[in-house]
Amino acid sequence: MSKYDKHKYIAKTLKGLEQVVKQELIELGIPKCRVTNRAIEFHATKEQMYACNYNFRTAISILKPMFAFTAKDENELYDKVKELEWEKIFGLDKTFAISHSVNSTVFTHSQYISLKTKDAIVDRFRDKFNDRPNVDAKDPDIKLNLYIRGEKCQILLDTSGDALFKRGYRLETNSAPLNEVMAAGLLALSGWDKNSALIDPMCGSGTIAIEAGMMLCNIPAGHYRTTFGFFNWEDFDQDLWKKVRNESNAKIDLEKGIKIQASDLAMRSVRMAQSNLRNTPELNRIIRFKVEDALEIQASGSSGTIIINPPYGERIYKDEVAILYQRFGEHIKKEFEGYKLGVLSSNTEALNLIPLEKIEEFDMMNGSIDCKYQLFKA
Ligand SMILES: C[S@@+](CC[C@H](N)C(=O)[O-])C[C@H]1O[C@@H](n2cnc3c(N)ncnc32)[C@H](O)[C@@H]1O
């Protein structure tokens with residue numbers, strides 16, 4: 001395959017962020033795609049795939065469908081997997097792991113199918129080289145995805161390796177940290193123009209603020225990562241990767257006039273956020289974390305965007321949380337006229353107490369929790 005050939009890829013994302021990923025694809029020069037549930041299919045060159053991995057803020061991973069075939073039973077599956085030229089994909093020195101998604105009346109023991117697939121790959125190497133690559137379930141160099149529906153089998157390669165929300169800057173988290181991909185998605189959905197203030201007054205470990213800082217300064221989402229899955233492939237093109245990285249890094253612009261303000265009532269959270277900020281040194285002058293009650297924050301300009309991921313308090317502290325949402329809404333109404341407020345929460349009763357005009361609502365999932373992301377006009 002030449003570097004100009006296009007291949008199909010599938011970007012996986014979180015519920016509610018499909019259109020945001022589509023927009024990111026357009027910005028990376030890939031206007032055509034197909035949006036499905038939590039996934040976006042597109043065609044790209046190797047260079048574009050590298051660029052997507054380095055730049056995507058709202059995709060979880062990018063998969064490359066590698067092989068497709070039909071099999072009527074385990075033995076046929078084993079034979080067909082063994083026929084595939086695995087040695088062209090990765091070398092003996094690499095570790096690998098297989099995850100699976102099996103929905104089939106033919107293959108009912110998904111764990112066993114996965115094992116058979118692994119055996120076929122190992123046996124192919126052993127027959128060819130009298131040696132075998134090792135399996136590493138926890139931290140593999142090569143991640144394979146086995147997808148079976150009925151008799152139709154597909155093997156996909158994870159081009160990203162570690163999930164793309166693992167940006168490399170967040171080493172400290174509180175008990176309810178927000179996924180980085182979700183934080184970037186909330187910012188994108190809010191319509192923040194990157195020319196006016198961005199405030200997170202319940203910042204916890206600082207994810208929304210740091211993602212906002214990276215967006216503001218065009219710092220690629222993968223800037224602080226040290227590795228991607230495709231680094232371990234036989235066809236990894238180091239020069240092409242350097243070109244992609246240099247071209248993306250050339251767009252970084254740290255001379256921004258605006259500041260991102262983030263605060264939290266808990267000193268512990270602010271310390272954590274500051275410690276995470278030390279891992280993104282470029283943003284030191286752009287983001288300011290401080291201890292402050294969200295009910296006392298003051299506006300410094302006439303417009304901007306406030307985004308919060310407040311406590312949900314669905315089981316305990318229900319009443320306290322409801323009062324917090326209401327009072328916070330009242331405070332924003334009084335002090336932040338002209339601003340936009342975005343709130344992510346699973347607590348719809350508390351959301352309904354915010355006394356501001358709702359302008360948009362998105363259905364999201366924060367981990368396993370069904371949430372609403374509501375945008376208000378203050
Ligand atoms: C769900 S956590 C936010 C997590 C954060 N988005 C992150 O990425 O780590 C909610 C935060 O709201 C803060 N909080 C609750 N009440 C507050 C108040 N009145 N003023 C400021 N912060 C508050 C908590 O201390 C907690 O850190």
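Structure summary
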| quantity | calculated |
| --- | --- |
| MRE, 222 nm, helices only [DSSP H, n ≥ 4, -39500 (n - 2.57), over the chain, to nearest 500] | -9500 deg cm²/dmol |
| Angle in degrees between helix 180-190 and the longest Cα principal axis of the chain, rounded to the nearest 10 | 50 |
| In order through segment 44-55: 3J(HN,Hα) via Karplus (6.51 cos²θ - 1.76 cosθ + 1.60), integer Hz, x for Gly, Pro | 8, 7, 4, 4, 5, 5, 4, 5, 4, 4, 6, 9 |
| Pair VAL291, LEU240: separation of 7 Å Cα→Cβ label points (nm) | 5.2 |
| Pairwise centroid distance, computed over Cα atoms, of segment 336-359 with segment 167-206, Å | 17 |
| Neighbour-count order for ARG225, ARG315, fewest beta carbons within 10 angstrom listed first | ARG315, ARG225 |
| Using alpha-carbon coordinates, inclination of helix 267-277 to the longest axis of the chain, degrees | 50 |
| Other-chain or far-sequence residues with amide H under 5 Å of ILE260's (modelled H) | ILE287, ARG288 |
| Kirkwood hydrodynamic radius (C-alpha pairs) into Stokes-Einstein, segment 22-109, 4 °C and 1.567 mPa s, D in µm²/s | 81 |
| In nm, spacing of pseudo-spin labels at LEU92 and THR173 (7 Å Cα→C-beta vector) | 3.9 |
| Cα gyration tensor shape of segment 267-342, rounded if a/c is under 1.5, else prolate or oblate by comparing a/b with b/c | oblate |
| Hydrodynamic radius by Kirkwood, which averages 1/r over all alpha carbon pairs of segment 7-158, in angstrom | 16.5 |
| Set of lysines with alpha-carbon distance to LYS94 below 17 Å, sequence-local pairs under 8 removed | LYS118, LYS128, LYS138, LYS143 |
| Highest average packing first - 16-28, 357-369, Cβ atoms within 10 Å | 16-28, 357-369 |
| Protection-proxy order for peptides 209-215, 45-51, 285-291, each taking the mean of Cβ atoms within 10 Å per residue, highest first | 209-215, 45-51, 285-291 |
| Dipole magnitude of the chain, debye to nearest 20 (Cβ charges: Lys/Arg +1, Asp/Glu -1, about Cα centre) | 340 |
| Placed amide H near VAL135: partners under 5 Å, 5+ positions off or other chain | PHE96 |
| Value in Å of the Kirkwood radius, where the chain supplies the Cα pairs that are averaged | 22.5 |
| ³J(HN,Hα), Karplus 6.51/-1.76/1.60, whole Hz, each residue of segment 238-255, x for Gly, Pro | 4, 5, 5, 4, 4, 4, 4, 5, 5, 5, 5, 5, 5, 8, 5, 9, 8, 8 |
| Sorted by Cβ neighbour density within 10 Å, fewest at the top, the residues PHE165, PHE231, PHE125 | PHE231, PHE125, PHE165 |
| Distance violations [Cα-Cα > 29 Å] among LYS32/LYS358; LYS152/LYS242; LYS15/LYS46; LYS15/LYS152; LYS80/LYS243; LYS334/LYS372 | LYS32/LYS358; LYS152/LYS242; LYS80/LYS243 |
| Approximate spin-label separation THR226-ALA163, in nm, with each point projected 7 Å along Cα-to-Cβ | 2.1 |
| In order through segment 161-173: 3J(HN,Hα) via Karplus (6.51 cos²θ - 1.76 cosθ + 1.60), integer Hz, x for Gly, Pro | x, 4, 3, 5, 6, 7, 6, x, 9, 8, 9, 10, 9 |
| Share antiparallel - DSSP beta bridges, the chain, percent rounded to 5 | 60 |
| Dimensionless Rg over Rh [segment 229-378; C-alpha; Kirkwood] | 1.08 |
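Every read-out reported here was derived from the displayed coordinates using simple, explicitly stated rules and does not represent laboratory data. A quick note: this is a predicted structure, and the numbers were derived from the prediction, not measured. Cβ sites come from the backbone with ideal geometry, for glycine too, and all protein chains shown count toward neighbours.
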